[in-house]
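Let me begin by presenting the structure, written as structure tokens, before commenting on it.
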Amino acid sequence: MRIALFNQKGGVGKTTTALNLAAAIFREGGQPLLLDLDPQCHLTVIHGSTPRDSGRSLFGFFQGIRALDELAIPWEGIGRLVPSHQQLIKVDSIFGKGPAILNKLRLGLDVIDESIPGNAAQNTIIDCCPYVGVLALNAIFACDVLLIPISTDYMSLQAAEQMTRTLEILEPVLKRRVERRYLLTRYDRRRNMSKDIQNQLRQRYDEEVLQTVISENVAIAESPSKKRDVFNHNASSVGAKDYMALYKELRQQNLI
Ligand SMILES: Nc1ncnc2c1ncn2[C@@H]1O[C@H](COP(=O)(O)OP(=O)(O)O)[C@@H](O)[C@H]1O
Ligand SMILES: [Mg+2]
């Protein structure tokens, strides 16, 4: 399955969730492929390998120089990563917005899926940038499900509404409803506000809101600076438990 982490709001846990969900898949015996589709390269920096040559990043894929498989580098304890590069910021201005460029990632991932013997499902996780442009549209067009992290604060409810409106505009082009799940992140059980926001989100989006919430947790916050996922950093932390619960819930829904 292909899961894209997207929200037009920054700092909500897209990159954190991409990393730790991939790590959970690996721990359960999978070999996920991570794509860093954000020119800010946060995921690539956590991996510790920003390519000097933009052609060796996703930019090379959009230029048509290299296939995704050629660009993927191993990530111990996680799977594989197709790295980002600052040059990705230029994709909008260089390649425009025609259907060929918007479907490029979907077709590139199809090539990888077809190359897997017996068509075993490749779990692909796409970390997006926080704006709607060629990059995010590629992710939305390519994914089976959009995972929308919502950090547990009131501004995030507005951001969720904005996401809904964006998808409503895109769906006539896609000719399908974009499958989506909302994930509450940075959840603080001691605050009444957390429960209130969770209830409001449920009222509005019903079953599309995942039961799992990701707690505000120090191990989650610390681990990227050590270039680790939360399981490697502290396997018994609340953060590690929450991300494993997320994996299990998505698996139960056949989204992984
Ligand atoms: N559950 C959490 N608990 C504590 N800190 C978190 C949590 N989720 C994310 N963070 C921190 O919040 C910041 C933004 O998260 P990030 O995943 O980079 O957001 P985004 O990719 O949406 O911009 C990072 O410093 C990250 O370590
Ligand atoms: Mg990010």
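The values are calculated or read from the model by the stated rules, or taken from the named source; none is laboratory data. All of these numbers come straight from a predicted model, not from anything done at the bench. Heads up, the Cβs are rebuilt from the backbone with ideal geometry, glycines too, and the neighbour counts pull from every protein chain shown. For the accessible areas, the whole protein counts, side chains as well, though only heavy atoms, and no ligand, DNA or RNA atoms are used. Shrake-Rupley method; radii C 1.70, N 1.55, O 1.52, S 1.80 Å.
Looking across region 181-192, the residues that are open to solvent by 10 Å² or more (accessible area, probe 1.4 Å) and touching a helix residue (DSSP H, G or I) at 6+ places or on another chain (Cβ under 7 Å) come down to 181, 187, 188. The residue pairs whose first member lies in region 14-34 and is within 25 Å of residue 156 (Cα to Cα), whose second member is among the aliphatic types (A, V, I, L, M) and away from ligand 1 (no atom under 16 Å from the Cβ), and whose beta carbons are closer than 9 Å, counting only pairs six or more residues apart or on different chains, are 21/250; 21/256; 22/33. In region 44-62, is there at least one residue being within 10 Å of ligand 1 (Cβ to nearest atom) and in contact with a strand residue (DSSP E or B) (Cβ under 7 Å, 6 or more places away or on another chain)? The answer is no, given that none of the residues of region 44-62 is within 10 Å of ligand 1 (Cβ to nearest atom) and in contact with a strand residue (DSSP E or B) (Cβ under 7 Å, 6 or more places away or on another chain).
Note on region 67-82: residues that are over 18 Å from residue 46 (Cα atoms) and surrounded by 17 or more Cβ atoms within 10 Å (Cβ to Cβ) total 1.
Considering region 104-217, the qualifying helices (runs of 4 or more DSSP H), each wholly inside and each with 2 or more residues that are acidic (Asp, Glu) and more than 16 Å from ligand 2 (Cβ to nearest atom), run over 104-115, 154-174.
So that you can scan it fast, the table gives a plain yes or no per residue for (1) under 29 Å from residue 169 (Cβ atoms); (2) within 16 Å of ligand 1 (Cβ to nearest atom); (3) within 20 Å of the chain's Cα centre (by Cα):
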position: 71; (1), (2), (3): no, no, yes
position: 94; (1), (2), (3): yes, no, no
position: 106; (1), (2), (3): yes, no, yes
position: 115; (1), (2), (3): no, no, no
position: 126; (1), (2), (3): yes, yes, yes
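Restricting attention to region 146-157, the residues that are touching a residue at least 60 places away in the same chain (Cβ under 8 Å) and more than 10 Å from the chain's Cα centre (by Cα) total 5. Looking only at residues in region 91-144 that are touching an Asp or Glu at 6+ places or on another chain (Cβ under 6 Å) and within 19 Å of residue 66 (Cα to Cα), the one that is modelled with the lowest pLDDT is 112. The set of residues from region 83-97 being within 13 Å of residue 44 (Cα to Cα), assigned to a loop (DSSP other than H, G, I, E, B) and either open to solvent by 60 Å² or more (accessible area, probe 1.4 Å) or small (Gly, Ala, Ser) (or both) comprises just one member, 84.
Only residues that are among the β-branched types (Val, Ile, Thr) and out of contact with any helix residue (DSSP H, G or I) (no Cβ under 6 Å at 6 or more places or on another chain) were counted across region 193-240, and they come to 4.
Just name the residue that is farthest from ligand 2 (Cβ to nearest atom) out of those in region 1-57 that are assigned to a strand (DSSP E or B) and either acidic (Asp, Glu) or open to solvent by less than 10 Å² (accessible area, probe 1.4 Å) (or both). Only one residue fits best here, namely 33.
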